[in-house]
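Trainee: Just dropping this structure here.
What follows draws every value from the coordinates through simple rules; no lab data is involved. Please read these numbers as outputs of a predicted model, since none were measured by experiment. Glycine gets a Cβ as well: all are built from the backbone with ideal geometry, and neighbour counts include every protein chain shown.
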């Protein structure tokens, strides 16, 4: 083993930078100096407000108090995503967290459910809708939330997984306070030069606009789309995925909250893309993600402002991006996190998750000062595969549409898709087969099921094993479980009441209008 890492410099703040600082300081303690340099003159993107359930594990790992975190970031709970207009113009479906069904069975829940439908056993009954068996869907539709009970005997509450909606800017500022109280040193300044060792190209330091040079053993690039170190200095290269995901712009604007606090994200299809809606304690976040080939910036701005719940609280902020990934996430002694490592798009709320995943893998592959090429390559393979699988899942939403009402949606339906996605779609369409590729795949079979069924992909046949059982008995069990789901969802507290009862509500958050 080589000499241990003694110093880490995180270049760039925002959500990615301060998440990295919190996790690295928590893991290394006093043995490694952790510094973060950022400039108040450089804005952060900070539009990501929706997360997925593993964020709870991250917050626990860095020892955040959940109630304090939620008050400080004006957070709400999220049970999934409501998709409007994605299959057809008038379609709607829900992608819930958690699982469908009561848990492990002789086979997969969906095979039994599809087989009963083919036999007409669930026609007109409670349980005939796939989402009758998903506690997160039923709770979300009622505006209710609760605490997950991990005991498998407490189904379906053992599947009540939640994530958060939060103000990303407030989250970064909160993490900064936490990090500085734990010994992370924040340095103010703008990087004007990246210095490299002539012998091997490793980064030796960065020079700031005031002349200071900051040196470290390991550098974390959190400089956003610029990729100041990973691309500007090391020329890692970028893999452009625009041919699969042509979204390249967004408009983001907050508006006043005017109704009950919704425990889910809404993604509504528009003529040239889609619009998000995210309810926070003090406001509602909105944005229009679109392809500039099919709409102008002015038209996108007008569409966004015309579809807000309440009064706009700021001028819409434009963003430009290229979907894709850095060809190398970790090169020499530089690890890129967040937007500097690539960007898929915010459709399934994976941007912050990929920051978290990159941090976890960095901790697992933490280097010494020799920076083993085999260790670096393994990190890049693992993270690259995870990102590609998330990419495929996001592409599925565009591919599996029957919309033909605008040029954008006709283009989306006709686009070629990666072979890896085509295989999964055909396996499901053929006989309802779902599978996961490996331990680093984030989206579960339940997620794939929700989107495929939600957007109209129906298996032509099924696994013949599931036609051998007692159909009437299985149908009765399905109906009984659906009744249990409905009863438990009815008994959960309303969203805002739950947050207030757990001391998670910020005192200065404005109450929604009646």
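Trainee: For the stretch 249-320, place one equal point scatterer on every Cα, skip the solvent, and apply the Debye formula. What is log10 of I(q)/I(0) at q = 0.23, 0.25 Å⁻¹?
Mentor: With no solvent term, the Cα-only Debye profile gives -0.96, -1.11.
Trainee: Ranked highest first by the average count of other Cβ atoms within 10 Å around their residues, in what order do 215-225, 84-94, 130-140 fall? Kindly include the intermediate steps, with their values, before the conclusion.
Mentor: Values: 215-225: 24.3, 84-94: 17.6, 130-140: 25.8.
The densest-packed peptide leads the list: 130-140, 215-225, 84-94.
Trainee: Taking only Cα atoms, what is the 0 to 90° angle, nearest 10, from helix 14-28's long axis to the longest principal axis of the chain?
Mentor: 80
Trainee: Can I ask one more? Roughly what angle does helix 373-399 make with the longest principal axis of the chain, taking Cα atoms, 0 to 90 degrees, to the nearest 10?
Mentor: 40
Trainee: Turning to a different aspect of this structure: In deg cm²/dmol, rounded to 500, what helix-only [θ] at 222 nm does the chain give when every DSSP H run of at least 4 residues adds -39500 (n - 2.57) and the total is split over its residues?
Mentor: -10500 deg cm²/dmol
Trainee: Roughly what % of Cα-Cα distances in the stretch 411-487 sit above 14 Å, to the whole percent?
Mentor: 74
Trainee: Given the Cα-Cα distance of residue 413 and residue 320 and 0.36 nm per residue of separation, how much length would full extension add, in nm? Present the calculation step by step, with values, prior to reporting the outcome.
Mentor: Values: separation 93, 0.36 × 93 = 33.48 nm, distance 2.35 nm.
So the extension gain works out to 31.1 nm.
Trainee: Which of the peptides 413-426, 21-34 is most tightly packed, and how do the rest follow, going by the mean number of other Cβ atoms within 10 Å of each residue?
Mentor: Order by mean packing, descending: 21-34, 413-426.
Trainee: Give, in nm to one decimal, the length gained when the segment between residue 501 and residue 35 is fully stretched (0.36 nm per residue of separation minus the Cα-Cα distance).
Mentor: That pair, residue 501 and residue 35, stretches by 164.0 nm at full extension.
Trainee: Order of 194, 355, 213 from fewest to most other C-beta atoms within 10 Å?
Mentor: 213, 194, 355
Trainee: Also, quick follow-up: Under the √(5λ) rule applied to the eigenvalues of the Cα gyration tensor, what semi-axes describe the equivalent ellipsoid of the chain? Give them in Å, descending.
Mentor: Semi-axes from the Cα gyration tensor: 39, 26, 24 Å.
Trainee: Using Cβ counts within 10 Å as a stand-in for footprinting exposure, how do 473, 176, 317 rank, fewest first?
Mentor: Details: 473 10, 176 20, 317 15.
In increasing order of surrounding Cβ atoms, one gets 473, 317, 176.
Trainee: Using 1/(1 + (r/R0)^6) with R0 = 51 angstrom and r between the beta carbons of residue 435 and residue 226, what's the FRET efficiency to the nearest 0.05?
Mentor: Plugging the Cβ-Cβ distance into 1/(1 + (r/R0)^6) gives 0.85.
Trainee: Please work out the FRET efficiency for the pair residue 192 and residue 292, using the Cβ-Cβ distance as r and a Förster radius of 35 Å; give the result to the nearest 0.05.
Mentor: 0.65
Trainee: Would you mind giving the three semi-axes, in whole Å and largest first, of the ellipsoid equivalent to the stretch 116-225 according to its Cα gyration tensor? Numbers along the way, then the final one.
Mentor: Working: eigenvalues 573, 72, 37 Å².
Over the Cα atoms of the stretch 116-225, the ellipsoid semi-axes are 54, 19, 14 Å.
Trainee: Here's something else I'd like to know. Taking the simple approach of a point 7 Å from Cα along Cα-to-Cβ for both residue 173 and residue 238, what is their distance in nm?
Mentor: The modelled label-to-label distance comes out at 3.0 nm.
Trainee: As I understand it, the value is the acute angle between the Cα axis of helix 168-181 and the longest principal axis of the Cα atoms of the chain; what does it come to in degrees, rounded to 10?
Mentor: So the helix axis and the longest Cα principal axis differ by about 50 degrees.
Trainee: Between residue 26 and residue 302, what length in nm is gained on full extension when 0.36 nm per residue of separation is reduced by their alpha carbon distance? Show your work: numbers first, answer last.
Mentor: On the way: separation 276, 0.36 × 276 = 99.36 nm, distance 4.51 nm.
Between residue 26 and residue 302, full extension yields 94.9 nm more.
Trainee: Here's another thing I want to ask about it. Can you list, bin by bin at 10 Å, the percent of alpha carbon pairs in the stretch 37-193, starting at 0?
Mentor: It works out to 9, 27, 29, 17, 12, 5, 1, in whole percents.
Trainee: Just want the ordering: 505, 18, from fewest to most Cβ atoms lying within 10 Å of their own Cβ. Spell out each step's value before the answer.
Mentor: Details: 505 22, 18 27.
With the fewest neighbours first, 505, 18 line up as 505, 18.
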